[in-house]
Amino acid sequence: GQETLIRTLGAPADVVSLQNMNIALPGQRFVRLADLGDVIDTTSAKRQIARLDGEPVVGFAVIVQKPQAKLALKKKCKLCLKRFKRVSPMSVLLRRKP
């Protein structure tokens, strides 16, 4: 199966309300969410956890497709990370993998 994240406006009162919510499709068509798949109320287990020195972290990778774009991408990444660090509500420590 395939998972799809669906964002809603407001908060359904319960699972049944969410199951009965109509989802817009292309061509001005609608379908009930429950007709697309299972809608359940549960807490899912963490799928993965990344750790650095024993502490949980968020990790990501940036892969360069074109070698000639490496320098420009590096500059953009640095700017984005600075912006993220400035607006993040948590303390952020950035480490580059050697």
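How big is the range 8-85 by the Kirkwood estimate over distinct Cα pairs, in Å? Present the calculation step by step, with values, prior to reporting the outcome.
On the way: mean 1/r = 0.0568 Å⁻¹.
When all Cα pairs of the range 8-85 are included, the Kirkwood radius is 17.6 Å.
Compare V87, V57 by solvent-accessible area with a 1.4 Å probe and give them largest first, with all protein chains kept in place. Numbers along the way, then the final one.
Numbers: V87 100, V57 60 Å².
The ordering from most to least exposed comes out as V87, V57.
Pop the C-beta distance of V62 and Q19 into the FRET formula with R0 = 30 Å and round what comes out to the nearest 0.05.
For V62 and Q19, the calculated efficiency is 0.15.
How much accessible area does F60 have with a 1.4 Å probe, in Å² rounded to the nearest 10?
140 Å²
The values are calculated or read from the model by the stated rules, or taken from the named source; none is laboratory data. Keep in mind that this is a model prediction, so the values were computed, not measured. Neighbour counts are summed over all protein chains in view; Cβ atoms, including those assigned to glycine, are modelled from backbone coordinates with ideal geometry. Heavy atoms of the whole protein, side chains included, go into the accessibility calculation; ligands, DNA and RNA do not. Shrake-Rupley method; radii C 1.70, N 1.55, O 1.52, S 1.80 Å.
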